[in-house]
Amino acid sequence: MNLSKKIMVVDDALSILTFLKNVLTDAGYDVITIADGEQALARLKNFKPDLILLDIIMPGMDGYEVCRKIRQNPADNHIKIIMLSSESKLEERLRGYKVGADDYIGKPFEEHELLAKVRVFLRLKRVEDELVNLNDKLNQQVQIRTQQLSDAEKMATVGRLTAGIVHNLNNPLQAMMSISQILALRHPNISQIKDLRKACDRMYEIIATILNTGKRESELASVDVDLNEVLRDIVELKQADHFFKYSIHTKMELQPLPIFRGVYAHFSQSLGNLIDNATDAMYYQNKGVLTIQSSVTDRLIRIKISDTGTGIDTDKIVMIFDPFFTTKPLTADDNRPTGTGLGLASCKEMIESYKGNIQVDSKTGKGTTFIVELPIFRTGQSVLIEGVSSVLL
């Protein structure tokens, strides 16, 4: 039984229409009956059948002409067409195939043969539809991946230029730091000089973070990774985002964690995706709260990334890790969050490459909890990364 499959029957004989409608309806199909070719073409505008049973000999426009017109229309030429006729000449069949018919069945009908052919061609139609959908998704993926590669190349160029600029800032900064130290020794009671020294120290920390993070992100070898350091680096770099800096209140509650082995970029990207999604989820709030916690429990490292975001609707939770699933626009003229639907999918793939998994628990209007379990066996310890964040998909 497949009530989702639509069949149009076109025949000028009322008895044939009645018979076919009863047989096909009893078999579970959605059936409409049409008495002539012109009406059949007109109904195709609002009733899109998967299969048409089309009589050949009809007054006015015959079945051959109807079939030819359907095949000329790109919106309808995927429909399966079985020609019906009391004639069984080879020439007639060949003419039907020439105008685009998929098969032919003669009158009077054998009910079992008719239903068998209907099932075969509806199954073929379903497979073709799946292939079309798959091809569309692959084309979309290719387009997005091509754009990502182009963007990545541009970002790599920008990154190299930025690294050079940041590196060149070190020289004047060192001079400023030296002068501020001399001034502090000569005038220890002037508060503005103390503020200047603090600003220089802060600028030095930012430059060091940018240079170190860029270097680590470019390396794909396994190294000893401190997840607390990864989280601090992510938050430090996020300060360059105006919304994050001024509209998100960030609380860091990090306990000492054991070192484990992995590729730094894998964890910076995965945890960075969760933090980015948490930030996006709070975009429409006046003041969001992002809390990042780490701890060690039962030989497991726990990392929580929590927010006060929008949460995820129950019907969307099962789809959030599907590639290309997103409720964010691909592009936006303003500063609204955008996405390709690949962030969480790549995050899940990255974590699973370490034999890990991600679970999600969400409450609409309150936030979303991502729990990432990541077993690390370098020293006999398992590692649990538990990320809590809301996602605006």
If residue 154 meets every condition in (1) loosely packed, with under 12 Cβ neighbours inside 10 Å; (2) under 28 Å from the mean Cα position of the chain (by Cα); (3) of a type outside the set (A, V, I, L, M, F, W, C); (4) at pLDDT 75 or above apart from one, which number is that one? (4)
Among (1) under 25 Å from residue 138 (Cα atoms); (2) in contact with a Phe, Trp or Tyr (Cβ under 7 Å, 6 or more places away or on another chain), residue 353 falls short only on (2)
Of all residues in segment 105-137, which are hydrophobic (A, V, I, L, M, F, W, C), closer than 22 Å to residue 85 by Cβ and assigned to a helix (DSSP H, G or I)? 114, 115, 116, 118, 120, 121, 122, 124
Considering only segment 317-358, state which residues are surrounded by 15 or more Cβ atoms within 10 Å (Cβ to Cβ) and among the charged types (D, E, K, R). 328, 348
When restricted to 120, 99, the only residue at pLDDT 85 or above, of a type in the set (Val, Ile, Thr) and surrounded by fewer than 17 Cβ atoms within 10 Å (Cβ to Cβ) is 120
Criterion (within 26 Å of the chain's Cα centre (by Cα), surrounded by 15 or more Cβ atoms within 10 Å (Cβ to Cβ) and either closer than 24 Å to residue 203 by Cα or assigned by TED's automatic domain parsing to the domain that holds residue 368 (or both)) met by exactly one of 294, 268: 268
Within segment 29-43, identify whether any single residue is closer than 23 Å to residue 18 by Cα, aromatic (Phe, Trp, Tyr), modelled with pLDDT under 90 and part of a loop (DSSP other than H, G, I, E, B), and answer yes or no. no
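The values are calculated or read from the model by the stated rules, or taken from the named source; none is laboratory data. The model shown is predicted, which means the values in this text are computed figures rather than measured ones. Please note: Cβ atoms are built from the backbone with ideal geometry, for glycine as well, and neighbour counts cover all protein chains shown.
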